[in-house]
1. Name the most mobile residue of LYS59, LYS40, LYS89, meaning the one with the largest mean-square fluctuation, in a Gaussian network model of the chain with Cα contacts below 10 Å.
2. Once you have the alpha carbon radius of gyration of the chain, what is it after dividing by 2.2 N^0.38 Å, with N set to its residue count?
3. Report, in deg cm²/dmol and to the nearest 500, the calculated mean residue ellipticity at 222 nm for the chain, where each DSSP H run with n ≥ 4 adds -39500 (n - 2.57) and the sum is divided by the residue count.
Amino acid sequence: MKPAEEYIINQPEVYQEIIFYLCDVVQQIVPEAQLLYKWKLPFFYIGKMPLCYINVVPKKKYVDLGFFYGKHLQLHPEFLTVEGRTLVKSLRYFGMDTIPDEVLRDLLKEAAVISS
């Protein structure tokens with residue numbers, strides 16, 4: 001099993017559902033994205049450029065979908081979290097019901113253009 005897959009499988013079930021959904025949407029929107037394991041996290045890359053990563057934060061009970069070049073994203077800024085980071089912006093999901101699908105898809109499309 002690949003390290004990125006191990007990371008996902010080793011997460012509590014409540015987070016696995018969110019992660020599997022996010023991975024599925026990434027692959028639908030950006031089929032050329034490859035799931036790799038970098039910096040101890042699952043990362044999606046387009047060629048040699050990072051697109052986004054998935055990070056489970058169990059203490060705060062959410063899954064973070066971080067956009068590596070998030071500072072360049074223009075769409076849906078009200079949904080993006082910065083928290084002192086200069087480059088990365090992220091979407092945070094506390095459950096399946098907290099995923100605004102249209103926002104996720106729009107941001108993935110925009111991030112794919114930036115990362116290509």
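Nothing in this text is a laboratory measurement; each read-out follows from the coordinates by a stated rule. Just so it is clear, the model here is predicted, and its values are computed rather than measured.
1. Its mean-square fluctuation being the largest, the pick is LYS59.
2. Numbers: Rg = 13.0 Å, N = 116, 2.2 N^0.38 = 13.4 Å.
Here the Cα radius of gyration is 0.97 times the empirical estimate.
3. Details: 3 runs with 39 residues, N = 116.
It lands at -10500 deg cm²/dmol.
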